[in-house]
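Novice: Provided herewith is a single structure, encoded as structure tokens, for subsequent inquiry.
The values are calculated or read from the model by the stated rules, or taken from the named source; none is laboratory data. A quick note: this is a predicted structure, and the numbers were derived from the prediction, not measured. Cβ atoms come from the backbone with ideal geometry, glycine included; neighbour counts cover every protein chain shown. The protein model used for the area step is the full one, side chains on, heavy atoms only, and it has no ligands, DNA or RNA in it. Shrake-Rupley method; radii C 1.70, N 1.55, O 1.52, S 1.80 Å.
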Amino acid sequence: MSTLTASPAAATTATPHASPLVMRILGACALAHLINDLIQAVLPSIYPMLKANYGLSFAQVGLITLTFQLTASLLQPWIGYHTDRHPKPWLLPAGMVCTLVGILMLAFVGSFPAILLAAGLVGVGSSTFHPETSRVARLASGGRFGLAQSTFQVGGNTGSALGPLLAAAIIIPYGQGHVAWFGLFAVFAILVLYGLSRWYRNHLSLFKLKQGGKATHGLSKGRVTFALVVLAVLVFSKYFYMSSLTSYFTFYLIEKFQLSVASSQMYLFLFLGAVAVGTFAGGPIGDKIGRKKVIWFSILGAAPFTLALPYVDLFWTAVLSVVIGFILASAFSAIVVFAQELVPGNVGMIAGIFFGLMFGFSGIGAALLGLLADNHGIEYVYKLCSFLPLVGILTILLPSTKGV
């Protein structure tokens, strides 16, 4: 991992266009995020198998997601707030160790409560990973914060897309025990994160320099708070809808179009691949044209396509899901950087809050949508959720300030 180690002077002299060394750090952050989210994606990918093996209801499937998402969300803001003031580089590899334990448990458990415990452990690992690695990516950005956030985030989206594909190839044909193979990814990620923790430890002076920034947007504390609430509501609409696709898209395709489990995973892969591409596009575009414009397009712009999705055939379902994934995904990096610029000096806390909201809303959405699917059918869920992107009209309430 020596390629991740550099002198403090090298980092502090980074230009806004980022040196090759800084890009290697961003690449390592993205790689670690890819592995982290690939492992997490195993969980929803094997829901049809777990449902069949253990006789679970849709509500119980939603409860698995809720357990993972809540453990992943509740700790993140606290960890981000604490480490903004007291950096803990060792948390980077330590969190992935927790994920490793959770994924190995998932391979060998034999009961629903044990599945919930395994999902919770993976969630705890995630709660330490996101705010800490997001901060390292920002420190290595050379001032191009949107690019750094998108590069970091696209790693996670790529992992989320690859997870179902690998699950279809490794787990679905051979059984639950083969989940253990994904532990090898976790071990590799621990090594990558150990190297990042060394770089982070050697650059704490840069961390303190960044923390000293003052707000330049000229907004009152009340307006900043209101803007953060609006951003949280936008995250709610985005991830409630995304939860309907990540947790239940395979069930929807199987029920409506009589696809096999393996075939439905391929359509989920297409959707998640589009999410990865959209995520990468959103950050650099936001650096150039402003975060608010990207948020407008990303959330409200998806509405015509989500409204049409429940009423089209299989071909157009695939096309629309790709379009929806690309458009919706472009917002998250812009939302996070917008919020970080509203509250400078709290990079980890803001990342923790918004990653936490992402996981929390996704988990609550999965549980509620599972209950609705049990009572009204899976197609009803997609008709109801199709209206959520219309909440994007609230973007008009966000302040217009220089840089965002």
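Novice: Pick out the one residue from 335, 327 that is under 26 Å from residue 294 (Cβ atoms), buried (at least 22 other Cβ atoms within 10 Å of the Cβ) and touching a Gly at 6+ places or on another chain (Cβ under 7 Å). Walk me through how you get there before you give the answer.
Specialist: Working: 335 fails: touching a Gly at 6+ places or on another chain (Cβ under 7 Å).
Testing whether each residue is under 26 Å from residue 294 (Cβ atoms), buried (at least 22 other Cβ atoms within 10 Å of the Cβ) and touching a Gly at 6+ places or on another chain (Cβ under 7 Å) leaves just 327.
Novice: Which ones in region 376-402 are in contact with a His (Cβ under 8 Å, 6 or more places away or on another chain) and either open to solvent by less than 10 Å² (accessible area, probe 1.4 Å) or of a type in the set (Ser, Thr, Tyr) (or both)?
Specialist: Our first condition is that a residue be in contact with a His (Cβ under 8 Å, 6 or more places away or on another chain); within region 376-402, this holds for 399, 401-402.
Those that are in contact with a His (Cβ under 8 Å, 6 or more places away or on another chain) and either open to solvent by less than 10 Å² (accessible area, probe 1.4 Å) or of a type in the set (Ser, Thr, Tyr) (or both): 399, 401.
Novice: In region 47-63, what residues are of a type in the set (Ser, Thr, Tyr), open to solvent by 30 Å² or more (accessible area, probe 1.4 Å) and under 18 Å from residue 253 (Cα atoms)?
Specialist: Scanning region 47-63 gives a single hit, 57.
Novice: What residue, of 110, 80, is in contact with a Lys or Arg (Cβ under 9 Å, 6 or more places away or on another chain) and modelled with pLDDT under 80?
Specialist: Of 110, 80, the one residue that is in contact with a Lys or Arg (Cβ under 9 Å, 6 or more places away or on another chain) and modelled with pLDDT under 80 is 80.
Novice: Write out, first by first residue and then by second, each pair whose Cβ atoms fall under 6 Å of each other, whose residues are 6+ apart or on separate chains, and whose first residue, in region 338-349, is closer than 17 Å to residue 136 by Cβ while the second is assigned to a loop (DSSP other than H, G, I, E, B).
Specialist: The qualifying pairs are 345/213.
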